[in-house]
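Chemist: Encoded as structure tokens, here's the structure I'll be asking about.
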Amino acid sequence: MLKKILFRDSKNLQFIFATAGALIGLTALLLSLQLIMDVQSFHSNEEELFGPNSVVIQKKVTKLTSIGMNSTEFSPKDIQSLKDKEFITDVAPFKSADFKVGISEVEGDGLPHFYADMFFQAIPNRFMDINVDWDWNENSEFIPIVLPRDFIMIINYGFAQSQGMNQISEELLMAARLTIYVDGNGKKTQMIGRVVGFSHKISSILVPEAFLTHANGIYGNGQIKNPSRIFITTKDDSYGELDDLMDEMNLDINKSAIDVAKIKTIIAVVIGIFGIASVLIMLLSLLGFVQYSQLVLSKASYEIKTLLRLGYSIKSIVNTFIKQLSITFGIITVSAIAIMFFVKIVVVNTWLEDNGINIEGSSLITTIAVAILCFGLFIVSNYLNIKKTVNKLGDA
Amino acid sequence: MKLEFKNVMPFPLKEYQHDNSSVWKSGFSLEFPKKVLLNASSGKGKSTFVSTVYGLRKDYTGTVLLDDKPIDTLSIHDWIELRRTKLSAIFQDLQLFPELSVWENLILKNQLTNHKNESEIESMLVMLGIGDKKEQKCGTLSLGQQQRVAIIRSLLQPFDLLLMDEPFSHLDEGNAKIALDLIAKETDLNGGGFVLTSLGSYHGFTYDHELKL
């Protein structure tokens, strides 16, 4: 009966506006939050191999370089200055093989006959985030090798056709063993290698650092002193600084490697702005609802006063209000979650799939937790406001 | 319950010339159960008296004591507890809920106190001649009928002191007598007392004490 007295003619236009405002605000907030998290979870396959913020840098080869007037090597001073940059979190020079390398098939393993001169490079193991056995020691059966993905493209669609060779699938190449010819420091030997992965990001032929250290010790000619390529890891969203650094040091960077991070950052900024707007809308609608409950309270001020005169406790009156508002805002919260879910599944995911973008999708738990937090914030702010008003009416 | 006035003077009545016998000047101390008549002409502060004792007005100087406790030290929670168990009132403006039926108005109070059962409430309605108005909205009743609803409502709780502000102003003498008999009977059942304010009529009743304003 308290509800009947206190909520007399309260289902009016004001109520509809307050409800619609809260629903729109909360839905916008949840949706932008969910989208931000989805974008953050977006990875291309390559990034998983080397981490999202790692790029290879090298100095540009110019006319002067070609005639020997300047060098593409990074001096210890260059490396130190890279380490000093605030946005660079990790610097790892490439180690190069200081000996001649040749490569050919192992007969009987299914590859056509070929021979090619090669080179090896290595980066520290911490950058090699791949699911294969990358450890090497002197007793290992073979030397694991990571090839640039373009390499197999060149062989299959250029070299093989012009030489009348069969094309080689990635699977076949990874299953077959390779003969490695090593020649340096007056010594020659043959070893067995095996391709264990491919990379878009690094246009180099990579072997484990342990192997290269070992082999350089035996076959090294002592010619290579400074590295010419460096692997760096940058902080999130620092491609702007990276751009400046490229100009400053005349660097060459595989642009596509940082494009994903760049696009992610731009999208995150755009959605972030939307998110801030949503928070503001949410707060505004919260105020609208507090104002609505204030209106209901002032409309029911005679009833509240009379109930207090009859001996009804402040608590029972406040609880009647809060119970009713909890139901209303509970429905709003659940609706907002449902709309957010619908838009994500039906509209956003369909659009992404149509455009060939594959997003793992982040969990809904955070978003739902935020919705519940908003619900709690709403109930607490209304509770405090109602309690204060009822107390005031009781004292009057 | 003990009710005591010490130098109590409501702000609005300050400029007035009060008789020496007026409670505003001389004060008083009464130990209830007692049936008290507060007789005064219009404008002397009858409603102010009731509102002050019921804790609704605080615009006065001096001290009002209930059971030797100054009432301005009571919190809203203390007042609510008193209004359930020790203090009841019939206001001049009745303070009913016009959209609720007669029955709902009464049940609203009784469900808080559980003081009477339904048949007891119904027999009170019949006794006061509004037994057929049970389901009617209070807002549609005549003032005299509303007054009787407010009287019954005030009896649906235990009380040491029932404050009545001209409760029979819209009733004829016959109905007023019936209502006052009911009130006196319920007052005795509760072991309590009342203060009845009136514009001069005694309603054919003998009081234990009379106060003047």
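Chemist: Does B:N110 satisfy the criteria of being touching a Lys or Arg at 6+ places or on another chain (Cβ under 9 Å), more than 18 Å from B:L182 (Cα to Cα), part of a helix (DSSP H, G or I) and within 12 Å of another protein chain (Cβ to nearest Cβ)?
Modeler: no
Chemist: Quick check on region B:162-175. Is at least one of its residues surrounded by fewer than 17 Cβ atoms within 10 Å (Cβ to Cβ), within 14 Å of chain A (Cβ to nearest Cβ) and either of a type outside the set (D, E, K, R) or farther than 21 Å from B:T48 by Cβ (or both)?
Modeler: no
Chemist: In region A:82-126, what count of residues is obtained for those that are in a helix (DSSP H, G or I) and loosely packed, with under 15 Cβ neighbours inside 10 Å?
Modeler: 4
Chemist: Quick one: in region B:86-105, which of the residues that are in contact with a strand residue (DSSP E or B) (Cβ under 8 Å, 6 or more places away or on another chain) and under 16 Å from B:G55 (Cβ atoms) is surrounded by the fewest Cβ atoms within 10 Å (Cβ to Cβ)?
Modeler: Per the stated criteria, the residue is B:K86.
Chemist: Then there is this: For region B:82-107, what are the residues that are among the hydrophobic types (A, V, I, L, M, F, W, C) and more than 18 Å from the chain's Cα centre (by Cα)?
Modeler: B:L100, B:V102, B:W103, B:I107, listed by residue number.
Chemist: Further question: Given the criteria buried (at least 19 other Cβ atoms within 10 Å of the Cβ), on the phi > 0 side of the Ramachandran plot and facing another protein chain (nearest Cβ under 10 Å), does B:G45 qualify?
Modeler: No; evaluated as a whole, the condition is false for this residue.
Chemist: Considering region A:159-183 alone, what residues qualify as being in contact (Cβ under 8 Å) with a residue 60 or more places away in the chain, of a type outside the set (D, E, K, R) and within 30 Å of A:G217 (Cβ to Cβ)?
Modeler: A:L173, A:A176, A:L178, A:T179, A:I180, A:Y181, A:V182
Chemist: May I ask you to list the residues in region A:202-246 that are over 25 Å from the mean Cα position of the chain (by Cα) and surrounded by fewer than 16 Cβ atoms within 10 Å (Cβ to Cβ)?
Modeler: A:T213, A:H214, A:G217, A:I218, A:N221, A:G222, A:Q223, A:I224, A:K225, A:N226
Chemist: Filtering region B:1-40 down to residues that are under 21 Å from the mean Cα position of the chain (by Cα) and among the small types (G, A, S), which residue is modelled with the highest pLDDT?
Modeler: B:S29
Chemist: Sticking with this one: Filter region A:374-396 for residues that are of a type in the set (A, V, I, L, M, F, W, C) and without any contact (Cβ under 8 Å) to a residue 24 or more places away in the chain; which is farthest from the other protein chains (Cβ to nearest Cβ)?
Modeler: A:V380
Chemist: Moving on. Specify which of the listed residues (A:I145, A:I123, A:I152) is over 23 Å from A:N216 (Cβ atoms), among the β-branched types (V, I, T) and within 32 Å of the chain's Cα centre (by Cα).
Modeler: On inspection, the qualifying residue turns out to be A:I152.
Chemist: Applying the selection to region B:123-170, what residues are out of contact with any Ser or Thr (no Cβ under 8 Å at 6 or more places or on another chain) and of a type in the set (D, E)?
Modeler: B:D132, B:D160
Chemist: Now for a different question. Kindly check whether there is at least one residue in region A:310-325 that is over 53 Å from the mean Cα position of the chain (by Cα), in a helix (DSSP H, G or I) and either within 14 Å of another protein chain (Cβ to nearest Cβ) or modelled with pLDDT of 95 or more (or both).
Modeler: The answer is yes, given that some residue of region A:310-325 is over 53 Å from the mean Cα position of the chain (by Cα), in a helix (DSSP H, G or I) and either within 14 Å of another protein chain (Cβ to nearest Cβ) or modelled with pLDDT of 95 or more (or both).
Residue-wise test of (1) acidic (D, E); (2) at pLDDT 85 or above.
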| position | (1), (2) |
| --- | --- |
| A:S71 | no, no |
| A:D84 | yes, yes |
| A:P93 | no, yes |
| A:G102 | no, yes |
| A:I130 | no, no |
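Chemist: Quick one: is A:L49 assigned to a helix (DSSP H, G or I), at pLDDT below 85 and over 30 Å from A:F342 (Cα atoms)?
Modeler: Yes, satisfied.
Chemist: Can you tell me how many residues within region B:82-106 are free of Cβ contacts under 8 Å to residues at least 12 places away in the same chain and within 8 Å of chain A (Cβ to nearest Cβ)?
Modeler: 1
Chemist: Scan (1) in contact with a His (Cβ under 6 Å, 6 or more places away or on another chain); (2) surrounded by fewer than 16 Cβ atoms within 10 Å (Cβ to Cβ); (3) among the hydrophobic types (A, V, I, L, M, F, W, C) for the single condition B:W24 breaks and write down its number.
Modeler: Exception for B:W24: condition (2).
Chemist: Please count how many residues of region A:378-396 are among the hydrophobic types (A, V, I, L, M, F, W, C), exposed (fewer than 15 other Cβ atoms within 10 Å of the Cβ) and within 28 Å of A:G21 (Cα to Cα).
Modeler: 2
Chemist: Is region A:192-210 home to any residue that is at pLDDT 85 or above, of a type in the set (A, V, I, L, M, F, W, C), more than 15 Å from A:A97 (Cβ to Cβ) and not in a strand (DSSP E or B)?
Modeler: no
Chemist: Moving to a separate point now. Just name the residue that is modelled with the highest pLDDT out of those in region B:41-81 that are part of a loop (DSSP other than H, G, I, E, B), of a type in the set (S, T, Y) and under 20 Å from the mean Cα position of the chain (by Cα).
Modeler: Out of the qualifying residues, it is B:Y54.
The values are calculated or read from the model by the stated rules, or taken from the named source; none is laboratory data. In this text, all values refer to a predicted model and were calculated from it rather than measured experimentally. Virtual Cβ from ideal backbone geometry, glycine too; neighbours counted across all protein chains shown.
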